[in-house]
Amino acid sequence: MLKKSRAWLLSGLVLSVALSAHAESAIHVTYAGSMGVVMDKALGPAFAEREHLTYQGQGEGAYGMARLLASKKVVADVFVSITPGPIEVLQKAGLVGQAVPVASTRMVIAYNPKSRFAPALEASKNANSPAWWKVLQSPGLRFGRTDAATDPQGQNIIFTVQLAEKYYRQPGLARQILGDVQNPQQVFGEGGLLPRLQAGQIDAASGYESATISAKLPYIALPDEINLSNPTFTKDWYDTVSLQLPDKNGQMQTLKPQPLVFYAAVLKNAPNPQQAQAFVSYLQSPEGQQLFEANGYGQPKGGAL
C-alpha cells in the first residue's frame, strides 16, 4: 500500500513538473487588433522558434483589450498597444510600469480592388480627379470603421476626417462621410474590419498603413496634416479637433488625437515575466524591427511611457 501511495505521489509530482515546464515554455501576447498579421505570422512565430517555446497571440481593439486585462478577465504576459491611451488604462490599474515604443504608422483609406468604386478611389490619387473625400460620399459606397468606444483606430478615423474637414475647407464633411459616431452601418470589430474589406462586404475602410500593407490591400495615403503621424503637427493642428465619449462610469470625456505609435509592455501579473521581457526586447531588436518594416510599420517614435 505504501509503495502504491509513493507511486501516486511520484506520478503527481512528475505531472506537476511537466505542467509547470509547459507553462514556462509558452508566452501569451495580447495586442491591438490591427497587428494580427505582423504578430501572428511574423514576430510571434519567429520569437517562438528562436526561444523554443509556444506563442499564443490574442488581438482586439486596444482599449477593449486593456479593459479586459485591467479587470483580469484576460491574463497575459505582454500587451502591445497603439497610442498611449490603452497603456494608461493599465498603468492606472497597477498592471504596467513602463511601456516602450516599438513601431509607428499613419492613417490611410484602404479599399477593395474589386469594388466598383475602386477605379475612382485609385484615380483620386491624381490631382485632376475627384478627391478621395468626394468619392467616399458616392451613393451606394459602403465604408467601414471600428468602434470609437473600444478601439483607438475608431477614434482616429473620426479625428482624421475632422481634420480633413478643416484642411480641405469642407464644412460638414465628417458628418457626410461618417454619420453618427456610433453608426451601426459602418462600425465593425477591429479584427474583422480588413477581412470584411478583403471579402468585398464593404468598399473602403479606415486603416493603419501598417495593417493595410500587411493585408496586401491598396490604399490612399493622406497628408501629414490629417494622418496623425507627424508629432510636429500635434500642438497647432491635431489638437484642434476632439471627440466626446462616455468613460467606464458613463461620464462624458473629451478625447484628443494621440501619436500613432505602438507601445509594448510587460504586465505585472505576467505568468512568464522573463519570457515577456525577452519578447519586448525582441520587438526592439534589429531582427524584430526588420520584421516590422517588412510588414509596413514605421520606426518607433518618442520615448517610453
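If a residue must be within 14 Å of Ala264 (Cα to Cα) and either aliphatic (A, V, I, L, M) or in a helix (DSSP H, G or I) (or both), how many such residues does segment 39-61 contain?
Residues flagged as within 14 Å of Ala264 (Cα to Cα) and either aliphatic (A, V, I, L, M) or in a helix (DSSP H, G or I) (or both) within segment 39-61 amount to 3.
Can you pull out the residues in segment 243-297 that are over 20 Å from the mean Cα position of the chain (by Cα), among the hydroxyl-bearing types (Ser, Thr, Tyr) and under 23 Å from Gly64 (Cβ atoms)?
Thr254
Counting only residues that are of a type in the set (Ser, Thr, Tyr) and not in a loop (DSSP other than H, G, I, E, B), which one in segment 62-91 is surrounded by the fewest Cβ atoms within 10 Å (Cβ to Cβ)?
Initial filter on segment 62-91 (of a type in the set (Ser, Thr, Tyr)): 63, 71, 81, 83.
Still in the list and also not in a loop (DSSP other than H, G, I, E, B): 63, 81.
Numbers: Tyr63: 24, Ser81: 28.
So the residue we want is Tyr63.
For segment 171-187, state whether one or more residues are open to solvent by 20 Å² or more (accessible area, probe 1.4 Å), farther than 21 Å from Ala131 by Cβ and touching a residue at least 60 places away in the same chain (Cβ under 8 Å).
Within segment 171-187, one or more residues are open to solvent by 20 Å² or more (accessible area, probe 1.4 Å), farther than 21 Å from Ala131 by Cβ and touching a residue at least 60 places away in the same chain (Cβ under 8 Å).
Could you tell me how many of the residues in segment 117-130 are loosely packed, with under 15 Cβ neighbours inside 10 Å and in a loop (DSSP other than H, G, I, E, B)? Walk me through it before giving the result.
Restricting attention to segment 117-130, the residues satisfying the condition of being loosely packed, with under 15 Cβ neighbours inside 10 Å are 119, 123, 125-128, 130.
Pick out the ones that are also in a loop (DSSP other than H, G, I, E, B) and you get 125-128, 130.
Going through segment 117-130 one residue at a time, the tally reaches 5.
Taking into account only those residues within segment 131-155 that are in a loop (DSSP other than H, G, I, E, B) and free of Cβ contacts under 8 Å to residues at least 60 places away in the same chain, which is most open to solvent (accessible area, probe 1.4 Å)? Before you say what the answer is, go through the steps one by one.
Initial filter on segment 131-155 (in a loop (DSSP other than H, G, I, E, B)): 131, 136-142, 147-151.
Going one step further and asking which of them are free of Cβ contacts under 8 Å to residues at least 60 places away in the same chain, we end up with 131, 137-140.
Numbers: Ala131: 25, Gln137: 70, Ser138: 36, Pro139: 116, Gly140: 52 Å².
Looking at residues that are in a loop (DSSP other than H, G, I, E, B) and free of Cβ contacts under 8 Å to residues at least 60 places away in the same chain, I get Pro139.
Taking segment 94-116 as the search range and keeping residues that are open to solvent by less than 10 Å² (accessible area, probe 1.4 Å) and in a strand (DSSP E or B), which one is farthest from Ala211 (Cα to Cα)?
By that ranking, first place goes to Val102.
Suppose the filter is polar (S, T, N, Q), within 23 Å of Glu209 (Cβ to Cβ) and at pLDDT 95 or above; does Thr83 pass it? First the steps, then the outcome.
Working: polar (S, T, N, Q): yes; within 23 Å of Glu209 (Cβ to Cβ): yes; at pLDDT 95 or above: no.
No: the conditions fail for Thr83.
Checking Ala205 against (1) in contact with a Ser or Thr (Cβ under 7 Å, 6 or more places away or on another chain); (2) buried (at least 21 other Cβ atoms within 10 Å of the Cβ); (3) modelled with pLDDT of 90 or more, which single condition isn't satisfied?
Single failed check for Ala205: (1).
When only residues in segment 263-288 that are among the aliphatic types (A, V, I, L, M) and part of a helix (DSSP H, G or I) count, which is most open to solvent (accessible area, probe 1.4 Å)?
At the first step, the residues of segment 263-288 found to be among the aliphatic types (A, V, I, L, M) are 264-267, 270, 276, 278, 280, 283.
From the residues that got through so far, the ones that are part of a helix (DSSP H, G or I) too are 276, 278, 280, 283.
Working: Ala276: 0, Ala278: 30, Val280: 8, Leu283: 0 Å².
Top of the filtered list is Ala278.
Of everything in segment 231-241, what is within 17 Å of Pro152 (Cβ to Cβ) and either surrounded by 14 or more Cβ atoms within 10 Å (Cβ to Cβ) or aliphatic (A, V, I, L, M) (or both)? Give them in sequence order.
Filtering segment 231-241 for residues within 17 Å of Pro152 (Cβ to Cβ) gives 231, 234, 238-239, 241.
Residues satisfying the conditions are Pro231, Thr234, Tyr238, Val241.
Quick one: count up the residues across segment 193-238 that are in contact with a helix residue (DSSP H, G or I) (Cβ under 9 Å, 6 or more places away or on another chain), assigned to a helix (DSSP H, G or I) and of a type in the set (D, E, K, R).
Going through segment 193-238 one residue at a time, the tally reaches 3.
The conditions are (1) open to solvent by less than 60 Å² (accessible area, probe 1.4 Å); (2) without any contact (Cβ under 8 Å) to a residue 60 or more places away in the chain; (3) at positive phi; (4) not small (Gly, Ala, Ser), and His52 fails exactly one of them. Which is it?
Among (1) open to solvent by less than 60 Å² (accessible area, probe 1.4 Å); (2) without any contact (Cβ under 8 Å) to a residue 60 or more places away in the chain; (3) at positive phi; (4) not small (Gly, Ala, Ser), the lone unmet condition for His52 is (1).
The values are calculated or read from the model by the stated rules, or taken from the named source; none is laboratory data. All figures in this text were calculated on a predicted structure; none of them were measured in a lab. Counting neighbours? That spans all protein chains shown, and the Cβs are built from the backbone with ideal geometry, glycine included. Protein only, heavy atoms only, side chains kept; ligands, DNA and RNA dropped before computing areas. Shrake-Rupley method; radii C 1.70, N 1.55, O 1.52, S 1.80 Å.
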